[in-house]
Structure formats: C-alpha cells, structure tokens
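Throughout, read-outs are computed from the coordinates displayed, never taken from laboratory work. Computed from a predicted structure; not experimentally measured. Reconstructed Cβ throughout: ideal geometry from the backbone, glycine too, with neighbour counts over all protein chains shown.
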Amino acid sequence: MPGVIREIGQDGVRLDNGIIGWESTPDERGVWRQRLTVHGPDGALTAFESQTTLTAVAAGETVHLPWERMQVLETGGDEGTAVRFQGQQDGWRYALTLHLDSGARWLEGEVMFETETPCRGWFYYGIGTSSDTQCWIYPWLNAGRDMTPTLGGHSLGMDCPGHIHADLAGVPLIITRREDVVGGLGFALSHNYHHDSLGFERQSGQQVLAVGKGQNSGRGAFHGRAQYRPGVTYRFSFQLFALSGGFGELARTWAEANDFCFDRKRYYTIDQALEIVVDGRSQKVCNGCDRYISEDVDGMPVRGYAHGSNQDRIAVLRQSYNAYVDYLLYRRTGREIFRQRAFEQMDFLLAAQTDAGWFQEDWQIGSREWSYEAVGEDGGVVTIIDRDGSIEARSVRTSDKAALILGAAVPESERTLDTSTGKNVRGPRPDYLGMTCHYVYKMARILEEEEGIVRQDWMEALGRCLDWLLSVQREDGGWAMTVSTDGTLQTDAAPAGRLLVALDRLASALGDERLESARKRQERWVLAHCVAPQRWWGSHKDTGLMIDYGGLHNFVQYCVQRYERTGEERYLAYALECTYFNFFEHCPKQLEWLWHYSKGGIMEQGNYMQYDIDNMDNLPCFSWYKLAARTGDAFVRAFLDQQVYTMMHTLCDDPEHPWYGAWPQYLVDSADAVGHYDESPVDKGASKYAGSIVCSVVEDLLLVQEEGYEVPRRRSALGDKR
C-alpha cells in the first residue's frame with residue numbers, strides 16, 4: 001500500500017512528467033475539474049477537460065459522486081507521482097487512483113467501489129473532450145454510433161446508444177483525435193474486461209468518454225444493467241492516453257503501456273497450409289458435403305464452389321476470382337482438375353451476364369435460380385429472380401439471439417425499402433462487380449501468358465460490365481452500394497474498395513482513359529469521405545451500409561498497388577495511417593473467457609458480433625508485407641506475422657471434416673462462444689465454413705510466398721525486424 005505524502009487542499013494537484021500533464025482543481029462551486037494536456041513546442045495542447053468524478057447510475061438516477069479526501073501518494077524512486085481521491089455517499093464507498101510514470105504518455109488509473117445495498121446500474125469513470133473531437137471504437141467505428149457517413153444524413157444501420165461491451169471490441173480503447181493530438185480512454189490489456197463496458201455520450205458543449213465495471217446496456221448511453229452486491233469490492237483498471245501525432249504513435253504507445261507484443265510464431269508454413277487447401281478443395285464431395293457444384297440446368301452449365309456451410313448458394317460474383325485461384329493451383333500442382341474448373345467457372349460467369357452488362361450475384365443451388373443475398377441463420381430478406389425476370393422478396397425472421405446481441409427489438413415484419421442504408425435494394429453491386437472484372441482480366445492474362453490462349457469472349461464480357469460500371473458512377477465520384485435491376489434506383493454511396501483496386505489495375509493494363517478518370521474521381525471521394533474521418537462501411541452486401549473494415553483493407557491494397565505503379569510517397573503515408581488505425585480494430589489478446597485462439601481476430605461488421613480473419617476479397621498480408629518492406633516499419637511487419645498466425649489457426653485441417661481445407665468465415669461468435677473447427681465445448685455451436693472466399697486467402701499466401709516471406713519460427717518482440 002503506497003504511503004501518503006500529503007493531503008490535497010483547495011489549491012489542487014498536478015501530475016506532470018514534462019511530456020503530459022494532468023491537473024485537478026475545484027471551481028467556484030467546489031466541483032473538482034480535471035484537465036489533461038500534451039506539451040508541445042508551441043505550448044500545452046488540451047486533450048481532455050471535464051469534471052473529476054466517479055459516477056453511479058442506479059434506479060434510473062445518475063449521481064456524480066463527491067470527494068471527501070484527496071491525497072498525493074508515495075510511489076518510490078523514479079516511478080512518477082500518484083494521487084488518490086476518496087469518498088462515500090448514498091451507500092457507495094469509492095476511490096480513484098491515478099498514476100503518471102516518468103517518461104510516459106499515458107495515465108494509469110484504478111477504480112475501487114462498494115455498495116451497501118443491492119442495485120442494478122453502471123459505475124464508471126468518465127472524462128470529457130470538446131464537441132469537435134473525433135471519436136472511434138470498433139466495431140461501431142465511431143463511439144456514438146449515430147455519426148453517419150451517408151451523404152443524405154441518414155441513420156447508419158443501428159440507432160443504438162453509445163454503450164460498447166468491451167468483450168466485443170477490438171482494442172478496448174475509445175480513440176480520440178483533435179487537430180494534432182490523439183488520445184484515448186480504455187481498459188488496460190491485463191484487465192479481464194469480459195463483463196465490462198466502454199461508454200460515449202454527446203452532451204452540451206462536450207463529449208463524455210467513460211469506462212466502467214459491468215455491462216452497460218439499455219436505451220441510454222449510460223443506462224446500465226450491471227448488478228452490484230453488498231460485501232464485494234469491485235475494481236477495474238484503465239488507461240488514459242494523450243500525445244502528439246497520428247494513429248501510428250498511438251498504437252506504439254498503447255503497445256508500450258500494455259507490454260504488448262504480437263504472436264510471431266509458426267503454426268503452419270505456407271506450403272503446409274496450401275497442401276491442406278489443395279487436398280480439400282480438389283474434392284467435389286468431401287465427407288458427404290457437396291463442395292464443388294457441377295450440373296446442367298435448362299442447358300446452362302452451372303459450375304462453382306458452394307459458398308459455405310450455412311448458405312446453399314454459389315457466389316457468382318466471385319466466379320472469376322475462384323477461377324483465377326484454381327488456375328494458380330493448377331500451375332503450382334499440375335493437377336488438371338483445377339485447370340478444368342477454372343474454365344468451367346468462367347463459362348458459368350458468362351452465362352450469368354445480363355443484357356445490361358452486369359453479372360448476376362448468386363445462384364441458389366437447391367431452388368436452381370438466380371438470387372440476391374440468400375440469408376443464413378442471421379435473418380433478413382431473400383430476393384429471388386424468377387425465370388420470367390420478376391422479383392419476389394421473401395421475408396426471413398431475425399432470431400431472438402440476434403435481437404439480444406443488437407440490444408434492441410428487431411422488427412419481424414417485412415422490411416421496407418431503404419436507400420439510405422441499402423437494405424432491401426436488390427440489384428447489381430458496383431463494388432463486387434469491380435472485383436469480378438478485375439479477375440476476369442487476370443484470368444484472361446494468365447491464360448495468354450501461360451498457354452498462348454486468347455479468350456476474346458472473356459474480354460468482351462469484361463468490356464460490357466465496365467461500360468455499365470462507368471454508366472452508374474455518381475457525379476461526385478462515388479458509387480452506390482447497390483443499383484436496382486432496372487437501373488432507376490441507387491442507394492447511398494459506399495467506399496467500394498474492391499472497385500478502386502480494380503480500376504487502378506485495369507486502367508493501366510487496358511490503357512483506358514475513361515477508367516483512369518473514374519479512378520481519380522473515386523479516389524478523391526474515398527479520401528474525403530472515408531480516409532479523413534476513418535469511416536468505412538458497405539463492404540458486406542447482406543446488411544446494407546453497415547460499418548466494417550473491408551473497405552479499409554481494400555484501400556490499403558490500393559495504396560500499396562498505386563505506390564508500386566507510381567512511386568508517389570503519399571500512398572505509403574495513407575496506407576500506414578490506415579493500417580495503424582486498423583490495428584485498433586483487432587482483438588489484442590487471447591480472451592480469458594474463450595477457449596479457442598482469438599488474438600488477431602477482427603469483428604466482421606457493426607451488427608455481426610463475430611471475429612473474422614482479415615481476408616475478404618482483399619490481400620492484407622501481401623499489402624502489409626510490401627508496406628513494411630517499403631517503409632522499414634517493424635510494427636507493420638509484426639502485425640503481418642500475427643495475422644498469418646491467426647489465419648493458420650482457423651484452417652480446417654481435419655481430413656474427416658466436410659469442410660477440410662477451407663477457412664471459416666470467422667474465428668468465433670463472441671455471443672455464442674462458437675469455436676475453432678466444428679464445435680465449441682461450451683455450447684456445441686457449429687462454425688460457418690466458407691468455400692467461396694478461400695480464394696482471397698490462397699492468393700494472399702501465394703503472393704507473400706512469392707515475395708520471399710517466411711512464417712516466423714519463434715515468438716519475438718514487437719520491434720524485431722526479422
């Protein structure tokens with residue numbers, strides 16, 4: 001127990017190590033206020049400023065608890081300075097301790113409290129920042145969940161209050177940025193935050209960030225449904241950051257504060273993983289499961305990989321991608337089955353092209369018809385295109401479990417058309433079609449290079465789809481997430497990162513100035529609406545304009561690709577800043593309450609509380625490898641090693657499993673504890689394996705291996721540049 005140096009009087013107290021300074025003094029009403037500043041060359045910059053308080057929410061009332069005793073504590077040696085605030089009121093006994101270490105750019109905090117009577121609510125430490133400060137936490141991307149990127153000013157996905165269950169977050173930190181100061185409030189990594197929450201609320205003239213014990217939920221931002229009992233001493237630790245710089249400085253500082261290092265060790269080598277993939281992928285039927293579909297329907301050759309274990313469809317928009325990867329595997333292994341499938345899938349893709357030029361989205365295997373977003377267990381609306389071209393919407397009810405995760409009632413009636421979110425607007429998706437076009441070209445190119453075969457029909461199909469894409473680009477340079485089948489209706493814009501990557505490659509390869517002009521306009525739109533505010537959304541077609549991480553990954557891939565093509569340094573700067581922001585979206589540790597490996601996972605999107613691996617029609621490992629090589633950034637290189645290790649953990653390597661050689665759509669569903677492979681020992685829930693998205697993982701691994709990447713043999717420190 002640290003000794004007391006002195007009592008704090010009305011003149012207040014200040015902690016200052018020459019880097020940051022925290023001070024607290026009473027105002028004219030006797031209310032203690034706190035201020036955290038960063039020392040800069042031009043003076044102190046304020047990061048946070050508000051009342052110094054602990055707050056108890058109980059029985060529908062919010063009480064800011066007063067202090068009775070304030071003390072400066074002895075820490076010993078060069079360990080900086082600490083203060084302790086204590087008090088008791090309304091049956092609560094509580095204490096707040098803050099410690100500033102010499103040389104640190106963060107404060108360590110600890111809260112202790114007890115209650116005399118049983119109650120439900122939320123007990124938290126809060127601090128304020130100015131109303132113009134940007135705030136983020138993933139998977140809600142902005143801490144309030146009511147800031148929307150849509151140009152029409154509509155609500156984005158969910159209008160829930162700003163409480164964030166920390167066990168569903170990436171790094172449990174609310175990030176702030178205002179001018180040249182970045183900061184954050186969150187739990188220390190060593191703290192088990194399974195049942196704890198972060199909070200955020202806009203109040204008059206400021207924004208309040210909060211960290212507290214127990215699950216904060218309900219209709220208000222700080223509502224609270226945690227249960228507190230007499231006779232129990234509750235504690236939680238937190239950290240408060242403030243520094244000059246960007247997300248890179250914040251990430252490295254957070255890692256230092258938490259003794260964080262990436263897991264950089266070997267699970268499978270790339271060769272070992274690909275051997276498993278080839279063995280499983282080559283089987284048309286694997287342990288009773290139809291993995292590759294091959295049938296003729298009314299003279300049309302239906303060929304392609306089943307999308308996954310939970311959805312009975314072929315993802316037609318990935319046909320060219322899967323065909324290209326199959327050809328890569330044919331080139332690697334010499335197995336003729338992969339070459340045959342590459343041609344078959346391209347033939348089916350051409351059969352899926354409409355007169356307008358766009359390709360159909362999905363093929364329902366059981367009902368044998370084109371469709372848009374066949375929904376699995378999560379609920380939603382399936383739109384079926386009948387043989388006569390008419391469209392039928394079939395309502396699927398969302399489960400009670402999903403409603404519980406969302407924290408709000410989910411309507412079970414037929415959902416209405418909503419262009420502001422993209423929900424129930426069924427039709428071609430420019431973002432996905434950009435990817436389709438990209439890999440039609442890559443497939444045509446590799447076939448000509450390897451065998452001298454020119455497929456003019458493929459290139460003509462590519463041209464028709466590109467013409468359609470150019471015809472629907474918005475005047476502001478963006479693209480709608482979805483366009484109706486008749487072309488008369490467009491949703492609000494989305495980042496369309498897959499399309500941006502494709503335009504850059506195709507404009508150069510085809511020498512088409514129209515594509516280059518479209519690329520420039522889209523880049524300007526993405527820089528203004530996505531990169532500057534770090535808001536990314538719309539990469540998943542099943543939930544409309546919901547926030548996610550996919551567009552960011554595509555943009556990093558685009559920037560690395562552009563740098564390789566042009567040598568413009570600004571693209572490396574964009575890629576680095578986005579990558580460091582993306583780090584905070586990843587789970588930073590093995591979560592104490594889960595049995596499977598969770599470190600390095602990332603939540604799929606704002607209303608799907610499940611940890612994914614990074615690959616989703618993008619090449620994150622290849623992009624990060626090139627980025628680290630071009631910049632010498634050791635943090636990014638270690639981040640790459642972590643993602644490869646996490647990815648290898650999820651590969652289904654059981655030869656007796658129906659999805660042997662496939663990757664699951666996610667590591668785990670945090671709400672259900674669905675785990676590695678098929679079942680969790682907790683509740684026997686089944687993982688959702690994905691057949692059609694394996695293509696991007698395979699290409700990513702092949703590319704990094706081609707560049708000379710080797711999976712590390714041992715765990716190493718953060719800064720090791722091996």
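If you take the beta carbon distance between Ser237 and Glu568 as r and set R0 to 35 Å, what does 1/(1 + (r/R0)^6) give as a FRET efficiency, to the nearest 0.05?
After rounding to 0.05, the efficiency reads 0.20.
Near the amide H of Tyr689, under 5 Å away, which other amide H atoms are found, from residues 5 or more places off or on another chain, if H is placed in the peptide plane?
Result for Tyr689 returns Ser309, Asn310, Gln665.
Counting other beta carbons within 10 Å of each residue's own, what order do Arg69, Arg264 fall into, fewest first?
By the 10 Å Cβ count, ascending: Arg69, Arg264.
Full extension from His39 to Thr333: what is 0.36 nm times the residue separation minus their Cα-Cα distance, to one decimal in nm?
99.9 nm
Among Gly18, Gly60, Met70, whose Cα projects farthest towards the positive end of the dipole of the range 1-80, with charges put on the beta-carbon of Lys, Arg (+1) and Asp, Glu (-1)?
Gly60
Any idea how far apart Gln227 and Asp457 come out in nm if each label point goes 7 Å out from Cα toward Cβ?
6.6 nm
By how many nm would the segment from Val63 to Gln88 grow when fully extended, if each residue of separation counts as 0.36 nm and the alpha-carbon distance is taken off? Spell out each step's value before the answer.
On the way: separation 25, 0.36 × 25 = 9.00 nm, distance 1.20 nm.
Working it through step by step, the gained length comes to 7.8 nm.
Which one, Ser508, Gln490, Leu462, is farthest towards the positive end of the dipole of the range 448-564 when Lys and Arg carry +1 and Asp and Glu -1 on their Cβ?
Selected residue: Gln490.
Which of Cys465, Cys621 has the fewest other C-beta atoms within 10 Å, and how do the rest follow up to the most?
Result, fewest neighbours first: Cys465, Cys621.
Suppose R0 equals 30 Å. What FRET efficiency, 1/(1 + (r/R0)^6) with r the Cβ-Cβ distance, do Lys520 and Glu249 give to the nearest 0.05?
After rounding, the FRET efficiency stands at 0.45.
At a Förster distance of 45 Å, what's the computed FRET efficiency of Arg202 paired with Lys265, Cβ-Cβ distance as r, to 0.05?
Details: r = 43 Å, r/R0 = 0.96.
Working from the Cβ atoms, E equals 0.55.
Taking amide H positions as placed in the peptide plane 1.01 Å from N, state which residues far from Cys286 in sequence (5 or more) or on other chains have amide H under 5 Å from it.
Placed amide hydrogens put Arg291 under 5 Å from Cys286.
Taking other Cβ within 10 Å of each residue's Cβ, how do Val711, Val57, Val278 sort, fewest first?
The fewest-first ordering by Cβ neighbours comes to Val278, Val711, Val57.
Can you tell me how much longer the chain between Glu28 and Cys289 gets when fully stretched, taken as 0.36 nm per residue apart minus their C-alpha distance, in nm with one decimal? Each step should come with its number before you reach the end.
Details: separation 261, 0.36 × 261 = 93.96 nm, distance 7.33 nm.
Taking 0.36 nm per residue and subtracting the Cα distance, the gain is 86.6 nm.
Which pairs in the list Lys442/Lys599; Lys442/Lys626; Lys442/Lys541; Lys284/Lys599; Lys213/Lys626 are over 31 Å apart, alpha-carbon to alpha-carbon? Mind dumping the intermediate values first?
Working: Lys442/Lys599 34 Å; Lys442/Lys626 20 Å; Lys442/Lys541 24 Å; Lys284/Lys599 33 Å; Lys213/Lys626 42 Å.
Distance filter (> 31 Å) returns Lys442/Lys599; Lys284/Lys599; Lys213/Lys626.
Ordered by residue, what ³J(HN,Hα) values in Hz, to whole numbers, does the range 50-66 give under the Karplus form 6.51 cos²θ - 1.76 cosθ + 1.60, where θ = phi - 60° and Gly and Pro are x?
5, 5, 8, 7, 9, 10, 10, 10, 7, 6, x, 10, 10, 10, 7, 7, x
Gly463: net charge of surrounding residues, Cβ under 13 Å, Lys/Arg +1, Asp/Glu -1, itself excluded?
Surrounding charge for Gly463 is -1.
Enumerate the calculated ³J(HN,Hα) couplings along the range 9-24 in order (Karplus 6.51 cos²θ - 1.76 cosθ + 1.60, θ = phi - 60°), each rounded to whole Hz, writing x wherever the residue is Gly or Pro.
Result, ordered by residue: x, 5, 7, x, 8, 9, 10, 8, 10, x, 10, 10, x, 10, 9, 9 Hz.
Pop a pseudo-label 7 angstrom from the Cα along the beta-carbon direction at both Glu450 and Glu74 and give the gap in nm to one decimal.
Placing both labels 7 Å along Cα→Cβ, they lie 7.4 nm apart.
Convert each backbone phi in the range 89-105 into a coupling constant with the Karplus relation 6.51 cos²θ - 1.76 cosθ + 1.60 (shift: θ = phi - 60°), then list the ³J(HN,Hα) values in order as whole Hz, x for Gly and Pro.
So the Karplus estimates, Gly and Pro as x, are 6, 6, x, 9, 10, 8, 8, 10, 10, 10, 9, 10, 7, 5, x, 8, 10 Hz.
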